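Shown next, in structure tokens, is the structure this report addresses.
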Amino acid sequence: MDLSDNTNLFGVPPAAERVLRESRPESLSRYPRGYAPDLRNVLASRLGVGAACVTTGCGSDDVLDSALRAFLEPGEVLAFQDPTFVMMPLFAKVNGLKTAPVPLRADFDVDPEALLATGAKVIYLCSPNNPTGTPLSRAAVEHVVEKAPGIVIIDEAYVEFSSAPDFMDLARTRQNVLVTRTFSKAYGLAGMRVGWGVGSLALIAEVEKARGPYKLTTLAESMAVAVLREDPMWVEVQVVEARRNREHLRAELMSMGLSPLPSEGNFLMVPMPDALGVAQRMRERDVNVRAFQGLTGVGDALRIGSGPWPMLEAALAALRESLR
Ligand SMILES: Cc1ncc(COP(=O)(O)O)c(C=O)c1O
């Protein structure tokens, strides 16, 4: 049982299965269209922005990576909150960038002045944050956006699970904000690799140039469009359940004397000593969770994905045995 990657443990939206069943051989043998126009148009019309203000990618990973290439030259600095999404330092490395990790404050909000003091031309924020699950405050994010010398990326991969307000309005109204989202979490399509981003016309044009064509397959684009059109209820029902079970899991963990962080994602971060050892013992009981070591401001911790309650019950049982 794998609760380690925050994907949708309830399965696949019915519309995606239908697209797979009905797909024609040409969608495999021929190239897809260059820039996924159908998905772009559907997303844009839902947001009330022009299609040229939306970009898509092979997962939001691709949008994030392309944005770094678009706005930074090798040797320049990417600043990001710390801890955050582990792929950001990796994308920085493959693009030859320097990194400026800036510790989150004790309340898990970003420290705007410290981020701005890096002078970085690209600042990455993530809300709700992976791996802590904590959201960023409006005041702190606006402060960064207002004063940043360059681009501010706001990664909203887990926004569907959050009761905190999102930051999409900043992507619509500010020239320097890119908000990224994904079909990998709430939408249950991680294997199809579909992500997207929204920003000003000029900003998105640069990201698209760095991204290049043919990143979404025909099947992936068709599935994403079909799920948006046909399955909003499926998504909503699973999101509600994932949130409810997350809180149930949190209460159970607290009754065990643990202190999971408050989370707005579909996962919980649970600080504990020797998290690597605990995760290893849980794996021996066939439950895979993600272990972190020495995270800034947190220390060692497990990250446990939320899903159907029987899975979480099994995870709890494995955790209890692994802590003995
Ligand atoms: C914060 C965050 N951003 C982006 C991603 C990448 O998602 P994808 O490339 O599947 O869209 C993830 C995946 O775990 C994530 O946690």
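The values are calculated or read from the model by the stated rules, or taken from the named source; none is laboratory data. Source: prediction; values computed, not measured. Don't worry about glycine lacking a Cβ; one is built from the backbone with ideal geometry, like all the others, and counts go over all protein chains shown. All accessible areas refer to the heavy atoms of the entire protein, side chains included, with ligands and DNA or RNA removed. Shrake-Rupley method; radii C 1.70, N 1.55, O 1.52, S 1.80 Å.
Brief remarks follow.
- Cβ-defined net charge surrounding residue 32, 9 Å radius [Lys, Arg +1; Asp, Glu -1]: +2
- For q = 0.12, 0.14, 0.24 Å⁻¹, Debye-computed log10 I/I(0) when each Cα of region 245-324 counts as one equal scatterer: -0.28, -0.38, -1.23
- Expressed as a fraction of 2.2 N^0.38 Å, the value expected for a compact globular protein of N residues, the C-alpha radius of gyration of region 125-234 is 1.13.
- Within-14-Å neighbourhood charge of residue 257 [Cβ basis; K, R +1; D, E -1]: +2
- Antiparallel content of DSSP bridges confined to the chain, in %, to 5: 45 percent
- Hits among aspartates and glutamates - C-alpha to C-alpha of residue 93 under 20 Å, sequence gap 8 or more where chains match: 61, 62, 65, 73, 76, 82, 155
- Local charge for residue 208 was computed over the other residues whose Cβ lies under 15 Å away, with Lys and Arg +1 and Asp and Glu -1, and equals +3.
- Exceedance of the 21 Å cut-off in Cα-Cα distance is limited, within the set 147/185; 98/215; 98/121, to 147/185; 98/215.
- Computed in the context of the full set of protein chains, the accessible area of the chain at 1.4 Å probe radius has 54% of its extent on carbon or sulfur.
- Evaluated at q = 0.08, 0.12, 0.14, 0.18 Å⁻¹, a Debye calculation over the C-alpha positions of region 14-230 (equal weights, vacuum) places log10 I(q)/I(0) at -0.27, -0.60, -0.81, -1.29.
- Summary of packing: across the peptides 90-98, 19-27, 287-295, the per-residue average of other C-beta atoms within 10 Å ranks them, highest first, as 287-295, 90-98, 19-27.
- Accessible solvent surface per residue of region 32-137, calculated while the other protein chains remain in place, 1.4 angstrom probe, Å²: 36 Å²
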